[in-house]
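The values are calculated or read from the model by the stated rules, or taken from the named source; none is laboratory data. Bear in mind that the values here come from a model prediction, so they are computed numbers and not experimental data. Note that each Cβ is placed from the backbone with ideal geometry, even for glycine, and that neighbours are counted across all protein chains shown.
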Amino acid sequence: MAPSLLEIIETLPTGDTWGPPTTTETTLNGVPYAPFSKGDKLGRMADWTAEGKERERGGRQQYQSRYRDQIYGAGGPGGLQTVFNIEGQNEENTFSLVDRSTQSTRGRGFGGRGSAVFRGRGQRGQQNQRGGRGTFQRVGGRGGQQGYDPRGGRGGRGGRRFGWKDYDKPQRNREASVQPKDTWRMLEEIDFNRLSKLNLDTGEGEDLDDYGFLHYYDRSFDKQPGAATSVRKLQMLDRAAYNVSTSSDPVIQELAEKDEATIFATDNILSMLMCSPRSVYSWDIVILKQGNKIYIDKRDGSSIDMVTVNENAADAPLEISEGNKDQINSPGALKEEATHINNVFPSQVVIESETGKHEMNNEHPFYNPEQETDPPASKAYKYRRFDLSLEADAEPLHLVVRSELDAVVKNNISGEDQFLTIKALNEFDNKAQGSGGALDWRTKLASQRGAVVATEMKNNSCKLARWTVQAILAKADLMKLGFISRATPKNTSDHVILGVLGYKPREFASQMNLNLNNGWAIVRTFVDMVMKAEATEGKFVLVKDPNKPTIRLYQVPMSTFEEDEGEDDGIGMGKVDEDGEQE
């Protein structure tokens, strides 16, 4: 049997010790021993990631990793530095992996000495560059090795900046458009992710009747947008325009008595509900249930009537309470300015003529010449019906919507009249906070029209989606978008028209990735919730959460919102009061 290790140690001659021989020398081949104490830190062993970290973290990390090991143990005999650490550091600096294909070539943009970083899309032959998203980057010049950087930047400015300067951004704490009361009972809370997955095909719809008249559009506004010859001053024209709610519309009341449909709404209110997943600001919609009829309505002073500005921008305009020192560029002031522009602009771009206008089948439903002193604005109201039925429904479910048209134009080929909706985008100050990176319209609208429109689609996704839905609901042939800018950035009363662009509503919806079937499914979802309520008559309120992508449905008392409207709110009276008029 082989002896154990302990038995071998015991048989060693006296005087022999285990381990290396002891010596009084302080040097080994002329090299001093490294001083060591319990307070000193030992050098690293094999840190395979040190070289990559130095390249990624830049000068500060390189300084720390280069001199850190030389500091510890520097207080040896005679003030000599630790030679072992110096040699170990030199070995790490000269060490390199054989396979460098997986090594990242991107830097942080502020690397150490002697490094040059180039940013931008399409930069080739430069090391540490940032390219487009998932772009191939040429490393080491032409003919060199190509590597794929999946973290490439967007728009030539680098990848997503997770948490970049989030500490410096004010906390958005917007107020709700209406505050729920204790008497309100919440029935449902739905987030936008669930709403975005819905789908319901309703078809093109059918026309029931139309009212009003339309002036012809002035084609002179279609000159080259942004050119000096196309710039005109926005004028104030006194025209009688109306914004009548659903329940106050006498035509809708008449259609409800004839059982033409179950659900009734206006295009302004319905578009807000259909495009709700794109909204950021808070809004509210009132839903009235009267027997087997449902009216999708609004309250007086509702924010739905206001035109938002840069609602969907990444850095939307700040409220005064949020630190915005420029009061004219706050969200409330911008809404009033944009709403005023959209009330005035459609009347200026038409040719008013008593003989040359397109008359609809019925007279204007809201204009009373005996009471009005101003002439009516060019406006036509089309009442259209859509089928929201499902295969499982026992009875068909139809919706009637009052849609609006603003002008008419002759087709150049066929000579037929084409219906138009006219809206206006407004520019306040492309250098101010909340501009959303918008280009200068005066200089870029003519040369970079696509970039200007694309930026507006991004910053005003909800507003443009609503306008597109309204044009499709009215079965308009074209949608005209005016580009209005302030005469001077600090003047909110004087504006100029830089140009007008025309789009086909369906094509514009495709460019915006707008799905109308999803909008119809959202309407059907909330209608089903109201219809399933126990009460045969009731009032419900939809409220968009001011700070979350969530909609809440409340059942409220019938007297809600009526204390501010007086004793009679006009429901079922078949007439329009003065509150429905907008100057």
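Scanning segment 434-452 for residues that are surrounded by fewer than 20 Cβ atoms within 10 Å (Cβ to Cβ) and outside any loop (DSSP other than H, G, I, E, B) turns up ARG442, THR443, LYS444, ARG449, GLY450, ALA451. In segment 359-415, which residues are surrounded by 15 or more Cβ atoms within 10 Å (Cβ to Cβ) and of a type in the set (D, E, K, R)? Across segment 359-415, the qualifying residues are LYS379, LYS382, ARG384, ARG385, ASP387, ARG402, GLU404, ASP406.
Note on segment 272-293: among residues that are within 16 Å of GLU311 (Cα to Cα) and small (Gly, Ala, Ser), the one that is surrounded by the most Cβ atoms within 10 Å (Cβ to Cβ) is SER276.
If you go through segment 179-187 one residue at a time, do you hit one that is modelled with pLDDT of 90 or more, surrounded by 13 or more Cβ atoms within 10 Å (Cβ to Cβ) and of a type outside the set (Phe, Trp, Tyr)? Yes, segment 179-187 contains a residue that is modelled with pLDDT of 90 or more, surrounded by 13 or more Cβ atoms within 10 Å (Cβ to Cβ) and of a type outside the set (Phe, Trp, Tyr).
Filter segment 459-484 down to the residues that are of a type in the set (D, E, K, R) and in a helix (DSSP H, G or I), then identify the one that is farthest from LEU208 (Cα to Cα). Can you show your working first?
Here is the first cut: in segment 459-484, the residues of a type in the set (D, E, K, R) are 463, 466, 475, 477, 480.
Pick out the ones that are also in a helix (DSSP H, G or I) and you get 463, 466.
Working: LYS463: 27, ARG466: 23 Å.
The selected residue is LYS463.
Hand me the list of strands (runs of 3 or more DSSP E) wholly inside segment 260-304 holding 2 or more residues that are more than 21 Å from LYS181 (Cα to Cα) and more than 29 Å from the chain's Cα centre (by Cα). Can you show your working first?
Numbers: elements: 263-266, 284-290, 293-297.
Once the strands (runs of 3 or more DSSP E) in segment 260-304 are filtered for at least 2 residues that are more than 21 Å from LYS181 (Cα to Cα) and more than 29 Å from the chain's Cα centre (by Cα), what remains is 263-266, 293-297.
For segment 305-322, which positions are part of a loop (DSSP other than H, G, I, E, B) and among the β-branched types (Val, Ile, Thr)? I'd like the intermediate steps shown before the answer.
Let us first name the residues in segment 305-322 that are part of a loop (DSSP other than H, G, I, E, B), namely 306-319.
Across segment 305-322, the qualifying residues are VAL307, THR308, VAL309.
Scoring ARG194 on the criteria (1) under 16 Å from LYS548 (Cα atoms); (2) at pLDDT below 90; (3) part of a helix (DSSP H, G or I) leaves a single failure, condition (2).
When you look at ALA394, is it of a type in the set (A, V, I, L, M, F, W, C) and in contact with a Pro (Cβ under 7 Å, 6 or more places away or on another chain), yes or no? Write out each step before concluding.
Working: of a type in the set (A, V, I, L, M, F, W, C): yes; in contact with a Pro (Cβ under 7 Å, 6 or more places away or on another chain): no.
No.
For first residues located in segment 316-333 and farther than 13 Å from GLU175 by Cα, partners that are part of a loop (DSSP other than H, G, I, E, B) and among the aromatic types (Phe, Trp, Tyr) and lie 6+ apart or on another chain with Cβ distances below 7 Å form the pairs ASN329/PHE428.
Pairing residues of segment 377-388 that are touching a residue at least 12 places away in the same chain (Cβ under 8 Å) and under 21 Å from PHE345 (Cβ atoms) with residues that are among the β-branched types (Val, Ile, Thr) and in a strand (DSSP E or B), at Cβ distances under 8 Å and at least 6 apart in sequence or on separate chains, gives SER378/VAL350.
When you scan segment 217-235, do you find a residue that is surrounded by 18 or more Cβ atoms within 10 Å (Cβ to Cβ) and assigned to a strand (DSSP E or B), even just one?
Taking segment 217-235 as the starting set, the residues that turn out to be surrounded by 18 or more Cβ atoms within 10 Å (Cβ to Cβ) are 217, 221, 225-226, 230, 234.
In the following step, the residues that additionally are assigned to a strand (DSSP E or B) were identified as 217.
Looking for residues that are surrounded by 18 or more Cβ atoms within 10 Å (Cβ to Cβ) and assigned to a strand (DSSP E or B), one finds at least one in segment 217-235, hence yes.
Please go through segment 485-507 and pick out each residue that is out of contact with any strand residue (DSSP E or B) (no Cβ under 9 Å at 6 or more places or on another chain), among the charged types (D, E, K, R) and assigned to a loop (DSSP other than H, G, I, E, B). Result: LYS490, single match. The set of residues from segment 453-503 being crowded, with 17+ Cβ neighbours inside 10 Å and of a type in the set (Asp, Glu) comprises GLU456, ASP477. Among the residues in segment 235-255, are any under 33 Å from the mean Cα position of the chain (by Cα) and within 30 Å of SER447 (Cβ to Cβ)? Yes, because at least one residue in segment 235-255 is under 33 Å from the mean Cα position of the chain (by Cα) and within 30 Å of SER447 (Cβ to Cβ).
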